[in-house]
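What follows is calculated from the coordinates using simple rules that are stated; it is not laboratory data. If you're wondering where the values come from, they're calculated on a predicted model, not measured in any experiment. All Cβ positions, even for glycine, are placed from backbone atoms using ideal geometry, and neighbour counts span all protein chains on display.
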Amino acid sequence: MEKLKMIAANALKIQDNTFRDGHQSIYATRMKTEDMIPIAEEMDSCGFWAIEVWGGATFDTMHRFLGEDPWMRPKILKKYITKTPFSMLLRGQNLVGYRHYADDVVRAFVDKACEIGIDVFRCFDALNDFRNIETCVERIKANGRHFQGSVCYSLTEGGLGGNVYNLNYYMSKARELEQMGAESVCIKDMAGMLSPYDAYDLFAALKKEIKVPLHLHTHYTSGMASMTYLKAIEAGVDIVDTCLAPFALRTSMPAIEPLLAALRGTGRATGMDLHKLLALGEHLENIAPKYNHHLANHKLSIIDSGVLAHQIPGGMISNLTSQLKEMKALDRLEEIYREVEQTRKDMGCPPLVTPVSQIVGAQAVLNVLFGRYVKVTNQLKDLVLGLYGKTPLPIEPELVRMILKKYKRGEEPVAGRPGDYLPPEIANAKKQMGNLARTDEDVLAYILYPASMQEFLQKKYGAGPTSIATIESPQQKKAAA
């Protein structure tokens, strides 16, 4: 009996990501809500710590490609999943879009997310500059929801260590999140670069200092993820992310079923019903023909062993490939890989995660095709200007001067919190939308995605084409010094 109590107290907790990051990773976020409903009640009875249902790319793809109101998915699923908390991925001041939004938008978005049923907010910032999650945290706490602070995992060399992404860096970031009031701390390994023994060292050290539960999120991209989970579990990690097997592996998360089998009879066994999970997987197999055309099938291997060398996340590779195809320069992909590494160093070694990965990747392409920094994107200028936050290492002053020369938003980098340079947006958006906006959700969605959401709302309400002046991004305005 005492042994059973010990096992129960130390059981590994599992967050299921099938309904969000799983299909985002392998099916370009195209899973419809209608295909989640048939297994929703059974998922609720499995004993997951949380189920991720929203955030990331879901808001974009739901209205743009699926014809679904993105605000409705959590509301609908809450009718079937009543016991298990709902989790979402939130990009801090980026929310679920691709630029920084003003504080009034951030506050209203988080409040609305709480209202529609989100319980756990995994907040991260692409530069690990936690000033960019402060406004989110304020509202998460005010609504009595779970704030999970997240550190984006990255490397400066082949493994944990070097002059930036070393053990001290991650310890410092985790402490900072705990001091901000995080109720759990997540290491977010978006490229699947965390190796097993580095995971053991990292979580063994974190467990000694961090009092709140520790969560590990990784992807199978490199092929190491399941091994990494086992070593992190040995070191004491409290929670890990998995998917049901049909939506696992490839660039998705590890599968839950073999993990349960591997832990059977150990002190970390979950007590979850493997047979129930296998039955749920059958539903995903049955609906797979609807989505398989989104599955990457250009190569035999289900892992990207190249990421072990170039460290570029799979999603970033697909963006680069698409960009080079348009420019008829796909034959220069290997040059681009090398230039991404150099451009990243030039920009202070930021983690390669949305939106910074896109910014660095786009600039690397321009550097190869036209010469280094001969042409510079406005997004890179904003990064150098400090409008995305503080980079892990400072950017060389001479490079700063060259990139920001005659830039309309300023030539001297700013040091303040990026959100402080953004004027309120909601009132202006309401005026521009006029009668097209029927709810607060409509206004917020329009701010996030002006063009595509205008088209969606016209279809939703049966309205004819409406003339709406494009919202000027506050990041197009000149930053205050």
Which aspartates and glutamates, if any, have their Cα less than 20 Å from the Cα of LYS381, not counting same-chain residues under 8 positions apart? ASP125, ASP129, GLU339, GLU341, ASP346, GLU396, GLU398, GLU411, GLU412, ASP420, GLU472
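As a footprinting exposure proxy, order GLU398, GLU257, GLU282 by other Cβ within 10 Å, with the fewest listed first.
Lowest to highest Cβ neighbour count: GLU398, GLU282, GLU257.
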Taking only DSSP H segments of four or more residues, each worth -39500 (n - 2.57), what value at 222 nm results for the chain once the sum is divided by all its residues, to the nearest 500 deg cm²/dmol? -12500 deg cm²/dmol
Provide the packing ranking of 67-75, 346-354, 199-207, i.e. peptides ordered by the mean count of other C-beta atoms within 10 Å per residue, highest first. 346-354, 199-207, 67-75
Residue pairs, from the table LYS211/LYS390; LYS173/LYS211; LYS83/LYS460; LYS390/LYS431, whose Cα atoms sit over 22 Å apart: LYS211/LYS390; LYS83/LYS460; LYS390/LYS431
In nm, give the distance between the simple-model label positions of LYS32 and ARG175, each being 7 Å from the Cα along the Cα-to-Cβ direction. 5.2 nm
Residues meeting the amide H criterion for ASP241 (H placed from the backbone, H to H distance under 5 Å, 5 or more places apart or on another chain) are GLN15, LEU216, THR218
Dipole axis of the chain (+1 Lys, Arg; -1 Asp, Glu on Cβ), positive-most option in PRO350, PRO313, GLY386: GLY386
So, with +1 on the Cβ of K and R and -1 on the Cβ of D and E, and no other charges, what is the size of the charge dipole of the chain about its Cα centre, to the nearest 20 debye? 700 debye
Rank SER154, ILE116, MET88 by how far each Cα sits towards the positive end of the charge dipole of the stretch 84-165 (+1 on Lys, Arg Cβ; -1 on Asp, Glu Cβ) and give me just the farthest. ILE116
Add +1 for every Lys or Arg and -1 for every Asp or Glu among the other residues with Cβ under 14 Å from the Cβ of LEU155, and state the total. -2
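With charges set only on the Cβ (+1 for Lys and Arg, -1 for Asp and Glu), what does the dipole of the stretch 243-296 come to about its Cα centre, in debye to the nearest 20?
Values: 5 positive and 4 negative charges, 29 e Å.
Roughly 140 debye for the stretch 243-296.
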What net charge do the residues around PRO424 carry, taking every other residue with its C-beta under 9 Å from that of PRO424, with Lys and Arg at +1 and Asp and Glu at -1? -3
List the aspartates and glutamates whose Cα lies under 13 Å from the Cα of LYS231, skipping any in the same chain that are fewer than 8 positions away. ASP198, ASP201
According to a simple spin-label model (label point 7 Å from Cα along Cα-to-Cβ), what is the distance in nm between THR377 and ALA261? 4.3 nm
Positive dipole terminus of the chain, leading residue within GLN15, VAL237, PRO418 (C-beta point charges): PRO418
Treating the beta-carbon of each Lys and Arg as +1 and of each Asp and Glu as -1, no other charges, what is the dipole magnitude of the stretch 312-419 about its Cα centre, to the nearest 20 debye? 340 debye
Can you list the lysines whose alpha carbon is less than 16 Å from that of LYS112, not counting same-chain residues fewer than 8 positions off? LYS75, LYS78, LYS141
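Subtracting the Cα-Cα distance from 0.36 nm times the residue separation, let me have the gained length for GLU412 to HIS293 in nm, one decimal. Can you show the working numbers first?
Values: separation 119, 0.36 × 119 = 42.84 nm, distance 4.76 nm.
The GLU412-HIS293 span can extend by a further 38.1 nm.
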